[in-house]
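Only one structure is covered here, and it is reproduced in the block below.
The values are calculated or read from the model by the stated rules, or taken from the named source; none is laboratory data. These numbers come from a predicted model, not from an experiment. Cβ atoms come from the backbone with ideal geometry, glycine included; neighbour counts cover every protein chain shown. Only protein heavy atoms, including side chains, enter the accessible area calculation; ligands, DNA and RNA are left aside. Shrake-Rupley method; radii C 1.70, N 1.55, O 1.52, S 1.80 Å.
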Amino acid sequence: MENPACTTGRGLSLIDRTFSHDVCVVGGCGHVGLPLALTFADEGLSVSIYDINDDAVRNIRSGEMPFRETGAHELLQRVQGGKKPLRVSSTPEVVSDSKWVVVVIGTPVDEHLNPTFHAMRRFFSGLVPHLRDGQCIILRSTVYPGSTEKIRGFLASKGLDVHVAYCPERVAEGKALEELRALPQIVAGCDEEATRIASELFGTIARSIIHLAPIEAELTKAFANAWRYIQFATANQFLMIATDHGVDFYRIYDALTREYPRMSGLPKGGFTAGPCLLKDTLQLAAATDNTFTLGHAAMLINEGMPNFIVRQLKARHDLARMTAGILGMAFKADSDDPRESLAYKLRKILEYEAAQVLCTDPYVRDEALLPLDDVLALSDIVIVTAPHEQYRALQFRDGQYVVDIWNTYGKGTTFA
Ligand SMILES: NC(=O)c1ccc[n+]([C@@H]2O[C@H](COP(=O)([O-])OP(=O)(O)OC[C@H]3O[C@@H](n4cnc5c(N)ncnc54)[C@H](O)[C@@H]3O)[C@@H](O)[C@H]2O)c1
């Protein structure tokens, strides 16, 4: 549908005299919250951030990004030097004076891989004293299906007369600023008024808005992440099957996809990791009483990739006498985000199997990591786990065994 919102145009504010500020992004120092807060601020809205991460709050106040995100450093500098700099706080009082409260805190699964709805409820219990009648509370985190209506019921039970909506975030890390404006925004109010008010906010940045019911929007987000997770698992399983048949997957991949549009959706193999795809597939599994067999199968395949690599190495080398070097600890290329990275799982397995394991990454902050040159010089085997752009021009020593599951160098995985 056409954007129904009251679009302000850059530099104007959606003035509502009941509130002194437009938007408060709760969890606004995070990978999703900060680009969103900056994008609203760039539209001229007055934006607050409430986040419990003191270090990140300090960084942002002083104009420093706490993580890599394309274009965000420049935008942060511009916003902080402009008429309406971000107001960044590690205490929740700032929540009270904004018309829209966008909640984008993390929603990880627990140590048993179960969703943590109780954490969301606990979070809202703490927020209740800082919420005011008339505010619009927008859940932006990826949530367990049904959460939005439960939160609405919970807030109503506390006597709050607020509007509640679910507007899932769909950007990919590294492309957040571009995609926030390019992708349609899904707006799912618990009632018509909530939909209208939440659309007013997202209409300031979105080209178009898709309206759904909260449960539809929650499932839309869960399906999108599970679908991507399953697609990557398909590629990874094909890679394993090809290797077990003694051939290189990427020769087959080329034949499958070259000038053959029906296969254009097949991704390459690789480590499928990060803070979203696995945990959202597991949230969907929990929401189906663990009957989401495709999701569980995908988990076994994707999470099994490090084990697969080590098994292949053991079949070819005397691993126990060798030094293995891991290149790239981030969960994906050109990122500094190590959350749920399978490179760490690979390290753990290799620490058991190899004589020595050395790890490097140009972006991840981790004192255990070594400079790239040292890892290259000392390793008998090199495994490229995150295909950072700066690894593309690397020269390897003669005789150095390079595992390239991403086909970074166009020569295949090197297992065949
Ligand atoms: N990272 C992505 O690419 C991405 C994309 C789409 C959706 N999501 C979803 O967005 C949500 C946030 O993900 P993220 O990657 O930005 O996580 P993140 O950990 O980078 O950010 C979450 C932020 O919330 C803050 N926080 C946690 N508890 C808080 C509390 N009680 N009060 C105030 N602040 C609190 C944290 O300090 C952190 O800065 C998750 O539900 C995730 O699934 C993430």
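Does Val375 qualify as being in contact with a helix residue (DSSP H, G or I) (Cβ under 9 Å, 6 or more places away or on another chain), surrounded by 19 or more Cβ atoms within 10 Å (Cβ to Cβ) and over 27 Å from Lys175 (Cα atoms)?
Values: in contact with a helix residue (DSSP H, G or I) (Cβ under 9 Å, 6 or more places away or on another chain): no; surrounded by 19 or more Cβ atoms within 10 Å (Cβ to Cβ): yes; over 27 Å from Lys175 (Cα atoms): yes.
Taking the combined requirement at face value, the residue does not satisfy it.
Could you say which residue among Tyr401, Tyr344, Tyr352 is under 15 Å from Ala273 (Cβ atoms), modelled with pLDDT of 95 or more, of a type in the set (Ser, Thr, Tyr) and open to solvent by 30 Å² or more (accessible area, probe 1.4 Å)? Give the derivation first.
Working: Tyr401 fails: under 15 Å from Ala273 (Cβ atoms); Tyr352 fails: under 15 Å from Ala273 (Cβ atoms).
Of Tyr401, Tyr344, Tyr352, the one residue that is under 15 Å from Ala273 (Cβ atoms), modelled with pLDDT of 95 or more, of a type in the set (Ser, Thr, Tyr) and open to solvent by 30 Å² or more (accessible area, probe 1.4 Å) is Tyr344.
Answer yes or no as to whether Val104 is within 15 Å of the ligand (Cβ to nearest atom), surrounded by 15 or more Cβ atoms within 10 Å (Cβ to Cβ) and closer than 22 Å to Glu173 by Cβ.
Working: within 15 Å of the ligand (Cβ to nearest atom): yes; surrounded by 15 or more Cβ atoms within 10 Å (Cβ to Cβ): yes; closer than 22 Å to Glu173 by Cβ: yes.
Judged against the criteria, Val104 is a match.
Just give me the residues in segment 30-75 being more than 15 Å from the ligand (Cβ to nearest atom) and out of contact with any strand residue (DSSP E or B) (no Cβ under 6 Å at 6 or more places or on another chain), in sequence order.
Asp42, Glu43, Gly44, Ser62, Gly63, Gly71, His73, Glu74, Leu75, listed by residue number.
Quick check: is even one residue across segment 379-390 among the polar types (S, T, N, Q) and open to solvent by 60 Å² or more (accessible area, probe 1.4 Å)? Write out each step before concluding.
Going through segment 379-390, the residues among the polar types (S, T, N, Q) turn out to be 379, 385, 390.
The next check asks that each one be open to solvent by 60 Å² or more (accessible area, probe 1.4 Å); those that pass are 390.
Yes - at least one qualifying residue is present in segment 379-390.
Looking only at segment 253-268, how many residues end up being surrounded by 10 or more Cβ atoms within 10 Å (Cβ to Cβ) and not in a loop (DSSP other than H, G, I, E, B)?
The number of residues fulfilling the criteria is 6.
Restricting to segment 180-194, count the residues that are surrounded by fewer than 17 Cβ atoms within 10 Å (Cβ to Cβ) and away from the ligand (no atom under 15 Å from the Cβ).
Selection size over segment 180-194: 4.
Quick one: what pairs do we get from segment 21-37, first residue at negative phi and in a loop (DSSP other than H, G, I, E, B), second open to solvent by less than 10 Å² (accessible area, probe 1.4 Å) and within 6 Å of the ligand (Cβ to nearest atom), C-beta under 7 Å, 6+ apart or different chains?
Pairs that qualify, where the first residue is at negative phi and in a loop (DSSP other than H, G, I, E, B) and the partner is open to solvent by less than 10 Å² (accessible area, probe 1.4 Å) and within 6 Å of the ligand (Cβ to nearest atom), are Cys29/Ala56.
Tell me whether segment 141-154 contains one or more residues that are more than 15 Å from the ligand (Cβ to nearest atom), open to solvent by less than 80 Å² (accessible area, probe 1.4 Å), touching a residue at least 24 places away in the same chain (Cβ under 8 Å) and assigned to a strand (DSSP E or B).
Looking through segment 141-154, none of the residues is more than 15 Å from the ligand (Cβ to nearest atom), open to solvent by less than 80 Å² (accessible area, probe 1.4 Å), touching a residue at least 24 places away in the same chain (Cβ under 8 Å) and assigned to a strand (DSSP E or B).
So which residues in segment 355-373 are touching a residue at least 24 places away in the same chain (Cβ under 8 Å), outside any strand (DSSP E or B) and not charged (D, E, K, R)? Spell out how you get there, then give the answer.
Pass one, segment 355-373, residues touching a residue at least 24 places away in the same chain (Cβ under 8 Å): 355-366, 369, 372.
Next, from what is left, pick out any that are outside any strand (DSSP E or B): 355, 361-366, 369, 372.
Selection gives Ala355, Pro362, Tyr363, Val364, Leu369, Leu372.
Between a residue in segment 334-352 that is among the acidic types (Asp, Glu) and any residue that is away from the ligand (no atom under 14 Å from the Cβ), which pairs come within a Cβ distance under 6 Å, given they are 6 or more apart or on different chains?
The qualifying pairs are Asp334/His388; Asp334/Glu389; Asp336/Tyr363; Asp336/Val364; Glu351/Val357.
Among residues belonging to segment 1-29 that are β-branched (Val, Ile, Thr) and away from the ligand (no atom under 16 Å from the Cβ), point out the one that is modelled with the highest pLDDT.
Pass one, segment 1-29, residues β-branched (Val, Ile, Thr): 7-8, 15, 18, 23, 25-26.
Still in the running and away from the ligand (no atom under 16 Å from the Cβ): 7-8, 15, 18.
Working: Thr7: 42, Thr8: 43, Ile15: 59, Thr18: 87.
In this case the residue turns out to be Thr18.
Please go through segment 239-252 and give me each residue that is over 17 Å from Val403 (Cβ atoms) and either in a helix (DSSP H, G or I) or open to solvent by less than 80 Å² (accessible area, probe 1.4 Å) (or both), ordered by number. First the steps, then the outcome.
Step one: of segment 239-252, the residues over 17 Å from Val403 (Cβ atoms) are 241, 245, 252.
Correct list: Ile241, Ile252.
Which count do you get for residues in segment 201-224 that are in a helix (DSSP H, G or I) and within 16 Å of the ligand (Cβ to nearest atom)?
Filtering segment 201-224 down to residues in a helix (DSSP H, G or I) leaves 201-202, 214-224.
Cutting the leftovers down to within 16 Å of the ligand (Cβ to nearest atom) gives us 202, 214, 217-224.
Residues that pass the stated criteria total 10.
So Gly134 passes all but one of these: (1) open to solvent by 40 Å² or more (accessible area, probe 1.4 Å); (2) more than 14 Å from the ligand (Cβ to nearest atom); (3) touching a residue at least 24 places away in the same chain (Cβ under 8 Å). Which condition number does it fail?
Every listed condition holds for Gly134 apart from (1).
Report whether or not Ile197 is in contact with a His (Cβ under 6 Å, 6 or more places away or on another chain), modelled with pLDDT of 95 or more, more than 16 Å from the ligand (Cβ to nearest atom) and not acidic (Asp, Glu).
Working: in contact with a His (Cβ under 6 Å, 6 or more places away or on another chain): yes; modelled with pLDDT of 95 or more: yes; more than 16 Å from the ligand (Cβ to nearest atom): yes; not acidic (Asp, Glu): yes.
Yes, satisfied.
Looking for whichever is hydrophobic (A, V, I, L, M, F, W, C) and within 16 Å of the ligand (Cβ to nearest atom) here; the options are Leu177, Leu160. Which one fits?
Numbers: Leu160 fails: within 16 Å of the ligand (Cβ to nearest atom).
Within the list Leu177, Leu160, the selection yields Leu177.
Of all residues being basic (Lys, Arg) and in a strand (DSSP E or B) in segment 77-101, which is nearest to Asp22 (Cα to Cα)? Just the residue, please.
Residues of segment 77-101 that are basic (Lys, Arg), as a first pass: 78, 83-84, 87, 99.
Filter again for in a strand (DSSP E or B), leaving 87, 99.
Numbers: Arg87: 11, Lys99: 5 Å.
Here the residue is Lys99.
Only one of Glu69, Glu74 is touching a residue at least 24 places away in the same chain (Cβ under 8 Å), closer than 28 Å to Ala330 by Cα and not in a strand (DSSP E or B); which?
Working: Glu74 fails: touching a residue at least 24 places away in the same chain (Cβ under 8 Å).
Result of the check over Glu69, Glu74: Glu69.
For (1) outside any strand (DSSP E or B); (2) over 30 Å from Gly30 (Cα atoms); (3) within 16 Å of the ligand (Cβ to nearest atom), each residue gets a yes or a no:
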position	(1), (2), (3)
Asp334	yes, no, yes
Tyr344	yes, no, no
Ala377	yes, yes, no
Gly399	yes, yes, no
Thr408	yes, no, no
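Only one of these conditions is not met by Asp51: (1) surrounded by fewer than 18 Cβ atoms within 10 Å (Cβ to Cβ); (2) farther than 28 Å from Ala213 by Cβ; (3) within 23 Å of the chain's Cα centre (by Cα). Which number is it?
Only one criterion in (1) surrounded by fewer than 18 Cβ atoms within 10 Å (Cβ to Cβ); (2) farther than 28 Å from Ala213 by Cβ; (3) within 23 Å of the chain's Cα centre (by Cα) is unmet by Asp51, namely (1).
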